[in-house]
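Right, one structure below, let's go through it.
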Amino acid sequence: MNRTPLLHGAVKTESYRLRADARLTEEPGGCLVLEQSRYRLRLPGLEAGRRALLLRMAENWLGDLQIAQLVTGLDSDSRLLQAQLLVRRLVLHSWLERRISLGTRALLDVVPRRIGAHSMPPRHRHGAGAAYRLSRFAVLRAEQSRMVVYSPLSTVGISCPEPRLTAVLARACGEPVGLGEVAGELGLDESTAELLLNELLSARLLLTPQEAEAETRTAPLALWSAEELWLHDRTRPERHAAPIGATDRFRDLPEPEPGITETVSGSARPSIALPEPGTAGLRDRPSDSLSAVMSRRRSVRRHDDTRPLTVAQLGEFLHRVQRFEPRGRDGGANGVRPYPGAGGLGELEVYALVSRCAGLRSGLYHYDSAHHRLTTVAAPGTETERMLSFARATATMPGPPQVLFVITARVGPLMRKYEGIPYALALKDAGILTAWMYLVATDMDLAPCALGAGDAASFAALTGLDPLAEPAIAEFTLGSRPTEAEEQS
């Protein structure tokens, strides 16, 4: 049933404007320049018509008739072909958005994600009698006061100036939609509905039954979750031209991030000084070569609770993997860790949930890496038991780990400096730290094991940390190593 009256006699048109994330500037000599993130296109030697055309498209939609009137009004008719070729070139290189309208009714905008030659997706066309499903990777989001639907598998998105277009996409989640459904929902003639279908198919938002089946049942697409594919897409500039890297876009925001030890540590919380490296019992044995340690490294999921990890061993381990050494005369927040990190920001923090450690009470602690001490965060209780139980199940351990490390990231410094990749950088840094933990634990003849997940909800409840400011992103267990026979039993 038609929801919107048909516009009899209305004409289908295409119009164009500069993509929303780009800008048009002018050099001192008069050359117009298109700029977007890391891309720049100089357009020298333009006559009045083409200059006016670009200036107008930088602010408003411009259709073919308006383009012709503008150019011929300022230049001769002979210049019109050059102007049309310029528009076509800018469309093909993804500098312009395209709008499809029926009369004065805007139906659909094609929003480019990438820039440059071959940046437009292959064209797909509706087949007679075909019906389509919505891609499971499609995401609808608000962007610059409009709704845009994207797929990480396409170099263009679709904006929905016609609200009923989103209803069509919602319907395609549960049942196949074809030409009749699109025409009926939007109140369009079939030729216009087919034009919209072609754009939705080319943007990989609507899929044939075979393509939809491949997304869920055929490798490699079936192996990807939507969240993981979107994270990969945003952090790798393959199908998009979004800003990425150290753009410092939030450098003018107030409230600078706290210093290196100002997470949950503070004067109001009791702290425990750890044995200083170099004292008796620490590093009283030579280390193996790196190649020897690497060859012996493996995950050990069983701990020897008859001789648990000692506070001296815990202190040595933490000092070797996470110590913070100030650099500079002020001795402030600038310094280095034992491992490399994004931008040298040292955003990772380590918390130790101690279940069994000789010389140290059970509970949750934060490692104050600048002063080599543990700050008490929480006593044993229901939440700590949940964390230990979760870790035990995740690692398939016979008992709770003697120490469960939770690695968090103070993501603010990364997000202030980097765009598009800060969370991915934190995960990479956590991977480096985890690998370093393995090597140090192996060298100390301890039992290490990295976990694939952790009880972030219980951790946030215990610490009171805002999960959006300092999320838990990795977990690692450590304990005393059993004999080889016990390890294999």
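Structure notes:
Every residue, every condition in (1) small (Gly, Ala, Ser); (2) in a helix (DSSP H, G or I); (3) touching an Asp or Glu at 6+ places or on another chain (Cβ under 6 Å), yes or no:
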| residue | (1), (2), (3) |
| --- | --- |
| GLN82 | no, yes, no |
| VAL87 | no, yes, no |
| ARG99 | no, no, yes |
| ALA106 | yes, no, no |
| ARG114 | no, no, no |
| SER119 | yes, no, no |
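- So GLU199, is it open to solvent by less than 20 Å² (accessible area, probe 1.4 Å) and more than 25 Å from the chain's Cα centre (by Cα): yes
- Residue check for VAL110: in contact with an Asp or Glu (Cβ under 7 Å, 6 or more places away or on another chain) and closer than 30 Å to ASP248 by Cβ: no
- From THR394, THR408, residue being modelled with pLDDT of 95 or more, surrounded by 23 or more Cβ atoms within 10 Å (Cβ to Cβ) and either polar (S, T, N, Q) or part of a helix (DSSP H, G or I) (or both): THR408
- Scanning the stretch 430-455 for residues that are small (Gly, Ala, Ser) and surrounded by 18 or more Cβ atoms within 10 Å (Cβ to Cβ) turns up ALA430, ALA441, ALA447, ALA450, GLY454.
- Of the criteria (1) open to solvent by 20 Å² or more (accessible area, probe 1.4 Å); (2) more than 20 Å from PRO277 (Cα to Cα), which one ALA358 fails: (2)
- THR235 being at pLDDT below 75 and surrounded by 13 or more Cβ atoms within 10 Å (Cβ to Cβ): no
- Among the residues making up the stretch 60-77, those that are free of Cβ contacts under 8 Å to residues at least 24 places away in the same chain and open to solvent by 90 Å² or more (accessible area, probe 1.4 Å) are GLN69, ASP77.
- When the stretch 101-112 is limited to residues that are surrounded by 21 or more Cβ atoms within 10 Å (Cβ to Cβ) and more than 31 Å from the chain's Cα centre (by Cα), the one that is nearest to LEU153 (Cα to Cα) turns out to be SER101.
- Of all the numbered requirements in (1) in contact (Cβ under 8 Å) with a residue 60 or more places away in the chain; (2) touching a Pro at 6+ places or on another chain (Cβ under 9 Å); (3) assigned to a helix (DSSP H, G or I); (4) aliphatic (A, V, I, L, M), ALA457 misses one, and that requirement is (1).
- Only residues that are closer than 30 Å to GLY464 by Cα and modelled with pLDDT under 90 were counted in the stretch 276-312, giving 1.
- Across the stretch 326-335, a minimum of one residue is classified as open to solvent by 40 Å² or more (accessible area, probe 1.4 Å), modelled with pLDDT under 95 and within 30 Å of the chain's Cα centre (by Cα).
The values are calculated or read from the model by the stated rules, or taken from the named source; none is laboratory data. Remember, predicted model here, so these are calculated numbers, not experimental data. A quick note on method: Cβ atoms are made from the backbone with ideal geometry, for glycine too, and the neighbour counts reach across all protein chains shown. All accessible areas refer to the heavy atoms of the entire protein, side chains included, with ligands and DNA or RNA removed. Shrake-Rupley method; radii C 1.70, N 1.55, O 1.52, S 1.80 Å.
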